[in-house]
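Engineer: I have a structure I would like to understand better, so I am pasting it below and will then ask my questions one at a time.
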Amino acid sequence: MDKLYNFIQKTPNSQKLAALALVLVMIVGGHYWFVYRGQADDLKKQERALATLEEELQEKQEIAGNLSMFKKKVEFLQQKLEEKKKNLPDDANMDMLLKTLNELSEKSDIRITKFTPKPEVKKNFYAEIPVLMQIQGNYHEITTFFDKVAKEDRIINITNIAMKDPKEKSGKIVLQASCMAKTFRALPPQQQAAAAKAPKK
């Protein structure tokens with residue numbers, strides 16, 4: 001121990017400073033290599049994880065912010081779908097069709113004397129449902145009835161109109177009219193496929 005002490009005493013100050021600097025460099029280097037470098041790598045990993053979480057948070061906040069808009073859009077589309085179903089229902093519903101036509105005939109002061117459904121004709125995504133009708137009334141009443149039918153939510157086309165046998169009745173000229181009323185229904189996917197494969201007539 002004394003020898004070491006004497007050696008240090010005899011060593012020039014410049015060498016002592018150089019040795020001290022070397023020791024300090026080794027301490028700092030060791031700290032950087034074994035401690036700081038590992039902490040820096042952990043810090044970078046945590047920063048990357050934080051950035052990922054912030055992106056996810058921002059995406060979720062945007063989704064949450066637009067959720068009410070999405071709900072309104074879904075409600076709007078659902079409403080439109082219900083409106084389209086009124087125009088093109090899923091089934092023929094002939095009882096409802098007859099009820100509707102009877103109500104319109106009463107409002108128009110005409111009388112439906114014959115209502116004969118014919119075989120439906122399947123198209124690509126819908127089916128035509130023809131109904132042969134015979135009605136009685138004067139010209140104005142009959143045209144008023146056709147106008148009311150055209151304004152219904154459900155699509156009903158009136159074709160092949162023929163009027164004949166005018167007779168005076170209760171002070172007005174009553175006509176016997178015949179026509180073809182065509183309404184429609186939407187085909188389910190299975191029937192659409194079958195209609196597409198069927199030979200065209």
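The values are calculated or read from the model by the stated rules, or taken from the named source; none is laboratory data. For clarity, every value in this text was computed on a predicted model and none was experimentally measured. Virtual Cβ from ideal backbone geometry, glycine too; neighbours counted across all protein chains shown.
Engineer: Anything in the range 136-181 that is touching a strand residue (DSSP E or B) at 6+ places or on another chain (Cβ under 6 Å), in contact (Cβ under 8 Å) with a residue 24 or more places away in the chain and among the small types (Gly, Ala, Ser)? List them, or say none.
Structural biologist: If the condition is that a residue be touching a strand residue (DSSP E or B) at 6+ places or on another chain (Cβ under 6 Å), in contact (Cβ under 8 Å) with a residue 24 or more places away in the chain and among the small types (Gly, Ala, Ser), then 177, 178, 181 are the ones that fit.
Engineer: Could you list, in sequence order, the residues of the range 121-157 that are within 12 Å of residue 177 (Cα to Cα) and assigned to a strand (DSSP E or B)?
Structural biologist: Answer for the range 121-157, where residues must be within 12 Å of residue 177 (Cα to Cα) and assigned to a strand (DSSP E or B): 132, 133, 134, 135, 136, 137.
Engineer: Next up: Considering only residues of the range 154-192 that are loosely packed, with under 12 Cβ neighbours inside 10 Å and among the small types (Gly, Ala, Ser), which is modelled with the highest pLDDT?
Structural biologist: 162
Engineer: What helices (runs of 4 or more DSSP H) lie completely within the range 2-120 and have 1 or more residues being surrounded by 10 or more Cβ atoms within 10 Å (Cβ to Cβ) and at pLDDT below 80? It would help to see each step written out before you state the result.
Structural biologist: Numbers: elements: 2-10, 13-31, 37-87, 94-107.
Once the helices (runs of 4 or more DSSP H) in the range 2-120 are filtered for at least 1 residues that are surrounded by 10 or more Cβ atoms within 10 Å (Cβ to Cβ) and at pLDDT below 80, what remains is 2-10, 13-31, 37-87.
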